[in-house]
Amino acid sequence: MTSTTLQKQSKAPAASNRTGPVVDIQNLTVDFGRGVHQRRVVRNVSLSISPGECLALVGESGSGKSVTARTLVGLTGHGAQVTADRQTFNGADSGGWGERQWSKVRGKDAGFILQDALSSLDSLRTIGKEVGEVLRLHDLFPPAERYVRVIELLRSVGVPDPEVRASQYPHQLSGGLRQRALIASAIAAGPGLLIADEPTTALDATIAAQVLRLLGDLKDSSTGMLVVSHDLAVVAHLADRVAVMRQGEIVEEGTMEAVLQDPQHPYTKALLAAVPSASSRGSRLTGDHGIAVEPVETTAPESASLETPAERQVLISVDEISKTYPNGVGAVRTAVAGVSFELKKGDTLGIVGESGSGKSTVARIVLGVEIPDTGATLIGGRPWAEHRKQKDRRARRSVQMIYQDPLHSFDPRKTVRQVIGQAVTAAGVPRAGRYARIVELLDLVGLDEDKISSRPIELSGGQRQRVAIARALAAEPEVIICDEPVSALDVSVQARILDLLADLQHRLGLSYLFISHDLGVIQHMSKDVLVMKDGAILERGPVATVFDAPQHDYTRQLINAIPQLPTTRHFPATKQDGTRS
Amino acid sequence: MHTVRRILLRLLVGVGVLWGAATMTFLAVYLIPGDTALLILGGPDARPTAETIAQVRSDYLLDEPFIVQYAGYLGNLFQGDLGQSYRLRIPVSEAIGQQIGATGMLAAAATVLALPLTFAVAVLSAQRSNWVRSLVSGVEVVLAATPTFIIGFALLIVFSFTLQWFPIGGDNGFSALVLPALTLALAVFGTLSQVFRNELEDVLEQPFILTARARGMRDLPVRVLHAVRHAAIPVMTLSGFVVASLLGGSVIVETLFSRQGIGALTLASVYNKDLPVIIGIVLLCAAVYVVVNLIIDLLYTLIDPKVVTA
């Protein structure tokens, strides 16, 4: 790391200066690579955090928010060139600090929490050793007392049975406990600055809410906090101030209240508008899509007004299916227990549940790649078993699936043409018509023909998901199972994909089985919803009924766990400049 | 408890592997054309009488059906009787026993050189600037691609003929061991270090490395204390390659440096069609392989807690 202000005389910081800001940077610019490969990922960013203050850095992937956060503690990464007019840490000029000075500060004066504690904790070491490492590195307590301190720390962040947990490995803890342990290791030395980079992104909603509460409890008058997130709603109740980043720049900064109530920059407005929720249902999330549509009621199927629901064709009927897997030690784990539902033509049925609730297993059974132990799945009125026996390819084609992460559901060596071409061929399109069909499908999902020779890695997340949708559409399905189709996407890209799915449903009369852990997405997309937990359906009904008057405690918990923007107002979609998914 | 079951299972598999190796070599010998009795008596040049041949045929069960010969062979093996060397006129186990110490010493010395060298080079060169990596990686590729005897020759030319630091061969003490061990070690190092560095570079990109550095840990401790264990797991699967390199390389190195050992014994036995010894050596290699894999398997459980609980 190099800097314009190479002031080697500034040694490690004096005892923390509680009056001034903990960190203060002016006009920070970060470049990666050199020469023609040089990319500027952060430009002219200025921010400061005072003791007792929590600043949120919000932006989508590639906005430079994580790089900015890491630069605050000198962890920009190798090959980075960092310049700043001013960069101070606890009042000392940190602009020219090398590894030696930073290593004295990191952990002791600045704690760092990353997302996904499974990969952020060393999987080959015990929790206790990981948490205690900070104390050992900075020689904080006498070695004999460190264990006691580690146990205290784990208890203070809400880890039950800390003595047991301290001797366990990360993979033996649940996601929530792991995240708590990671937080314990970050606060072990009582740092004056706490940086949390997407601290709840990898967690289930109810767990994420608990972790957010814990972070809120950690706010005190002497600690400055920086929370990095892609989701404004997550940090809305935690942060005092917010800075919205886009393409390496801070486009808007202010108190949380001011930014939420009265966003000034079009990008902030678009971000807020793109969040799907109950109130956004039936309207578009983005304003710049190429397809002209009516402003409201795009998701309501036309057929609904023409026929009564009872007359509409039942495409999928799932009857009391159950599935168990051996769990390795002789017993069985029940993945799905007695699930029944129907999906009618043109409908969207949402399935909501946290990880391990069995929703993906249900999807695989409906898709016909998993055979239930008991019960039956009827596709077009006939059970899967019959279709399978007669090698009925039409039934196989009539149900398609879109996955969360298309990067891993594509062969990385194949081009878009090959990926979709395979599906087009399987659908029985003669050779001569295949190219035209591929282009037609790409057009249907809003991709230009020039993407046809790209490989998955060359596409953005949103473009990849569009290709996945085009591949599913190639079979001319009646039902598409969407398994967390937007969970890996940025909120603005997510908005475009959700709009696209709504358009396609409208135009092609598709039915969706829509699986998500995100209640906002479910509320936005579906007509009816099933709430699943531990393989069983706890609650079902029209979306509005289930969410407005939940009958079950668990449903209430789920709803309470949704990070809410302090205002319930739905921001109208506005034109966005640039960023196409 | 799981560990004990794993070991027992592994041992069982190991016995299976040995049985397979024994059967394959028996079949190979059985199918080789030529009169085995003649071979035992020293080939056509020995001009044995018809009675001696008949005597040998009945002694060695050569007139019995295949299944009887096979059963007799396995029975002898089971009792640890590998038969007698045609050439040396001593039991095979004795012939191997005389040589195994020298080769074991050579292999151990090569391992002691290769592993720390691999460790140091990979740890220090991972994620360094491009020219460092290119240089180190270039040297490794050359070492991995060069036949062992050329590495040996090069070392001989530099250190024996030119600098005269080490003797050109023989079995006399430590100084004679240095160059042969180094030759074997360099061949192993080239491949192992490449793989180890690639693994390290993957591991160093993991979030937990960032977490460790964010706690204030310096670069080298992060590499040694956090990254190495993770990178070592996939590298350990290469132990088979290492064993094969050491055993195969010893044939060449022992010849080149005119040393005693299993390699030299193998070569002499092959030249003289000394089948019992060849069979013995094949079984020995299989046994070494089984034992090394068992040890590696146990090391896995020590390094990776998930292996036990999973």
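The values are calculated or read from the model by the stated rules, or taken from the named source; none is laboratory data. Note that this is a predicted model, so its numbers are computed, not measured. When we count neighbours, we look across all protein chains shown, and the Cβ atoms used for this are built from the backbone with ideal geometry, even at glycine.
For this structure, a couple of remarks:
- Sole exception among (1) outside any loop (DSSP other than H, G, I, E, B); (2) in contact with a Lys or Arg (Cβ under 6 Å, 6 or more places away or on another chain) for B:Asp171, by number: (1)
- Residue check for B:Thr118: assigned by TED's automatic domain parsing to the domain that holds B:Thr266, of a type in the set (S, T, N, Q) and in contact (Cβ under 8 Å) with a residue 12 or more places away in the chain: yes
- Only one of the numbered conditions (1) within 21 Å of A:Ala208 (Cα to Cα); (2) part of a helix (DSSP H, G or I); (3) more than 9 Å from chain B (Cβ to nearest Cβ) is violated by A:Ser119, and that is (3).
- Tally of residues being hydroxyl-bearing (Ser, Thr, Tyr) and under 26 Å from B:Pro234 (Cβ atoms) across region B:146-197: 4
- Residues being surrounded by 13 or more Cβ atoms within 10 Å (Cβ to Cβ), out of contact with any helix residue (DSSP H, G or I) (no Cβ under 9 Å at 6 or more places or on another chain) and not β-branched (Val, Ile, Thr) are entirely absent from region B:3-20.
- When B:Leu41, B:Leu113 are checked against the criterion of being surrounded by 13 or more Cβ atoms within 10 Å (Cβ to Cβ), without any contact (Cβ under 8 Å) to a residue 40 or more places away in the chain and hydrophobic (A, V, I, L, M, F, W, C), a single residue qualifies: B:Leu41.
- Flag if B:Leu184 is in contact (Cβ under 8 Å) with a residue 40 or more places away in the chain and either at the interface with chain A (Cβ under 10 Å from one of its Cβ atoms) or on the phi < 0 side of the Ramachandran plot (or both): yes
- The set of residues from region A:180-204 being part of a strand (DSSP E or B) and closer than 30 Å to A:Ser516 by Cβ comprises A:Ile195, A:Ala196, A:Asp197.
- Options A:Leu154, A:Leu177, A:Leu140, A:Leu124: the member that is more than 9 Å from chain B (Cβ to nearest Cβ), in contact with a helix residue (DSSP H, G or I) (Cβ under 9 Å, 6 or more places away or on another chain), part of a loop (DSSP other than H, G, I, E, B) and touching a residue at least 12 places away in the same chain (Cβ under 8 Å): A:Leu140
- When residues of region B:187-208 are limited to those that are without any contact (Cβ under 8 Å) to a residue 40 or more places away in the chain and surrounded by 20 or more Cβ atoms within 10 Å (Cβ to Cβ), the one nearest to the other protein chains (Cβ to nearest Cβ): B:Phe208
- Put simply, of A:Thr415, A:Thr425, A:Thr361, A:Thr374 the only residue that is without any contact (Cβ under 8 Å) to a residue 24 or more places away in the chain and β-branched (Val, Ile, Thr) is A:Thr425.
- Identity of the residue in region A:354-413, of a type in the set (Val, Ile, Thr) and out of contact with any strand residue (DSSP E or B) (no Cβ under 7 Å at 6 or more places or on another chain), that ends up surrounded by the fewest Cβ atoms within 10 Å (Cβ to Cβ): A:Val369
- Considering the conditions (1) within 27 Å of A:Leu285 (Cα to Cα); (2) modelled with pLDDT of 80 or more; (3) within 28 Å of the chain's Cα centre (by Cα), A:Thr298 is excluded by exactly one of them, (2).
- Total residues in region A:215-259, condition assigned to a helix (DSSP H, G or I) and more than 17 Å from A:Glu60 (Cα to Cα): 7
- Taking the listed residues B:Val235, B:Val178, B:Val139, the one that is more than 23 Å from B:Gly261 (Cβ to Cβ) and more than 18 Å from the chain's Cα centre (by Cα) is B:Val139, with no other qualifying.
- Of the residues A:Gly52, A:Gly96, the single one that is touching a Ser or Thr at 6+ places or on another chain (Cβ under 7 Å), farther than 28 Å from A:Ala270 by Cβ and modelled with pLDDT under 85 is A:Gly96.
- So A:Leu153, is it surrounded by 22 or more Cβ atoms within 10 Å (Cβ to Cβ), at pLDDT 90 or above, closer than 29 Å to A:Asn90 by Cα and out of contact with any Leu (no Cβ under 8 Å at 6 or more places or on another chain): yes
- Residues that are over 21 Å from A:Glu484 (Cβ atoms), in contact with an Asp or Glu (Cβ under 9 Å, 6 or more places away or on another chain) and assigned to a loop (DSSP other than H, G, I, E, B) within region A:377-414 comprise A:Gly380, A:Asp392, listed in sequence order.
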